[in-house]
Amino acid sequence: MRRNLGWLLCAIPMLIAMRCAADTEPMTMTVTASAYNSLASQTSGDPTLAAWGDELRPGMKVIAVSDDLVKEGLTYGTEVRIKGLKGRYTVIDKMHSRWERKIDIYMGEDVDAALEWGVRKVQISWVMAENDP
């Protein structure tokens, strides 16, 4: 009986760890990606102010997301990988409600880089935050 109990006590943490690992599997989705800059000509408001109040500065790796993606778990502060680009991008901005399944990649004041990026389909991945549905 003691041997069985010892085995069980060792197995419980392993089972919990396996469940936690399953909960953090990355979500993936194909979206339309465009690029934007922090220039007055590209907005009706302050070009350095993101939707959740963050200040945009050239060199930041951040994205804006459409409202439907927020509902999918791409909430403020979520780190996102964009296939084909290095590093992680953080969600700190939102797009106009007319857009669906779309991200906008922040490219500082580099208009040429944004134009070169254009609009394309990309695969993104992220891990759902613990408090997301």
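Annotations for the structure displayed:
- Formal net charge of residues neighbouring residue 81 (Cβ-Cβ distance under 13 Å; K, R +1; D, E -1): +3
- Taking amide H atoms as placed 1.01 Å from N in the peptide plane, the amide H of residue 27 lies under 5 Å from those of 126, 127, 128, each 5 or more residues away in sequence or on another chain.
- Subtracting the Cα-Cα distance of residue 57 and residue 85 from their residue separation scaled by 0.36 nm leaves 8.2 nm.
- Sequence-distant residues sharing a close amide H with residue 62 (under 5 Å, placed H): 90, 106
- Whole-Hz ³J(HN,Hα) from phi, Karplus 6.51 cos²θ - 1.76 cosθ + 1.60, for the stretch 101-108, glycine and proline x: 6, 9, 10, 10, 8, 6, 10, x
- Angstrom value of the Kirkwood radius, inverse mean 1/r, which spans all Cα pairs in the stretch 56-117: 12.0 Å
- Under 21 Å from the Cα of residue 71 - lysines, other chains or at least 8 residues apart: 94, 102, 121
- When DSSP beta bridges are restricted to pairs lying wholly in the stretch 25-126, around 65% turn out antiparallel.
- Relative contact order of the stretch 25-126, defined on C-alpha pairs under 8 angstrom at six or more residues apart (%): 45 percent
- Cut-off 14 Å, label 7 Å out along Cα→Cβ of residue 24, residues of the stretch 39-83 by amide N: 79
A short reminder: the numbers here are calculations on the coordinates, not readings from a lab. From a predicted model like this one, the values you see are computed outputs, not experimental measurements. In this analysis, Cβ positions are derived from the backbone assuming ideal geometry, glycine residues included, and neighbour counts consider all displayed protein chains.
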